[in-house]
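Here the structure is laid out as structure tokens; the discussion comes afterwards.
FYI, it's all coordinate maths here, none of it is from the lab. A quick note: this is a predicted structure, and the numbers were derived from the prediction, not measured. Cβ: placed from backbone, ideal geometry, glycine included. Neighbour counts: every protein chain shown.
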Amino acid sequence: MTRRVFVPAFCAKRKTAFSLLELLLTLAIILILTTLYWGPSKASRQRALQTSCQKNLEKLYLALSLYANDQRGRFPVVAGAKTSAEALDPLVPHYTSDTSVFVCPGSQDSQLPSGESIRNRRISYAYYVGRSPTNQDVLMTDRQINTEAKKAGQLAFSSDGKPPGSNHRQYGGNLLSCDGQVNFCPPKSAIALPLSAGEALLNPEP
């Protein structure tokens with residue numbers, strides 16, 4: 001005679017039902033996968049950083065133009081300046097107190113105290129000293145790989161995402177012209193970046 005074992009109904013149901021913990025874990029996995037699939041791509045994030053950087057340079061151009069209007073058409077020139085921060089320091093705070101515009105959002109540079117001198121601070125942008133609003137060349141750029149003149153097709157920005165010249169990693173950098181136009185440039189510059197007599201390219205502090 002076989003012995004029959006009584007199994008309570010609630011025990012039998014537990015074998016086929018999901019626990020609350022299992023349901024929550026499944027929902028969490030679905031949420032993570034959805035975020036990864038529909039989240040912003042690297043390319044779209046990079047474009048957003050490039051656009052933010054361009055807006056910074058446009059704001060800086062406004063400050064530079066105001067300065068030039070007060071200085072008989074001359075952009076800032078500081079005798080003995082060795083970095084772009086030293087050369088651009090006359091802009092703060094009279095022509096702009098928003099020091100955040102000196103920091104590229106794609107760089108690793110820290111934000112600057114608002115309205116304070118940038119002379120001894122680390123900024124993100126290179127500056128061509130000695131140019132005027134009537135000049136047809138570039139006035140400011142993202143940090144470059146060096147301070148030399150460059151022919152079209154030569155490297156201006158990092159090609160491997162490593163410093164120097166890597167504000168936007170290996171993707172290139174922005175160029176602000178003396179007329180206020182801002183364009184994005186690949187690591188190898190599509191245009192010449194010359195230096196005439198009396199001009200110098202100053203990079204930010206390393």
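Observations, loosely collected:
- Listed values for segment 151-158 are Karplus-derived 3J(HN,Hα) couplings in whole Hz (6.51 cos²θ - 1.76 cosθ + 1.60, θ = phi - 60°), namely 7, 4, x, 8, 5, 10, 10, 4, and x replaces Gly and Pro.
- Relative to the current alpha-carbon distance between Ser100 and Ala200, full extension at 0.36 nm per residue lengthens the span by 33.6 nm.
- Under 5 Å from the amide H of Leu139 lie the amide H atoms of Leu176, Ser177, Cys178, each residue being 5 or more positions distant or on a separate chain, with H modelled from the backbone and absent for Pro and chain starts.
- The modelled label-to-label distance for the pair Asp160/Gln54, using points 7 Å beyond Cα in the direction of Cβ, is 3.0 nm.
- Sorting 43-55, 138-150 by their mean Cβ neighbour count within 10 Å, with the most densely packed peptide first, gives 138-150, 43-55.
- Computed 3J(HN,Hα) for segment 46-56, one whole-Hz value per residue from the Karplus formula 6.51 cos²θ - 1.76 cosθ + 1.60 where θ = phi - 60°, is 5, 4, 5, 5, 4, 5, 5, 5, 4, 5, 4, glycine and proline marked x.
- Order of Tyr95, Tyr171, Tyr128 - criterion: other Cβ atoms within 10 Å of each residue's Cβ, fewest first: Tyr95, Tyr171, Tyr128
- Computed extension length for Leu66-Val78: 2.6 nm, one decimal, from 0.36 nm per residue of separation with the Cα-Cα distance subtracted.
- Distance-filtered residues of segment 134-178 - backbone nitrogen under 20 Å, label point 7 angstrom along Arg47 Cα→Cβ: 168-175
- Theoretical gain in end-to-end length, Lys188 to Leu24 [0.36 nm per residue, Cα-Cα removed]: 54.0 nm
- Qualifying aspartates and glutamates (Cα of each under 19 Å from Cα of Lys151; at least 8 residues distant if same chain): Asp137, Asp142, Glu199
- Our coupling estimate for segment 198-206, obtained by passing each phi through the Karplus curve with A = 6.51, B = -1.76, C = 1.60 and θ = phi - 60°, is x, 10, 8, 9, 10, 8, x, 4, x Hz, Gly and Pro reported as x.
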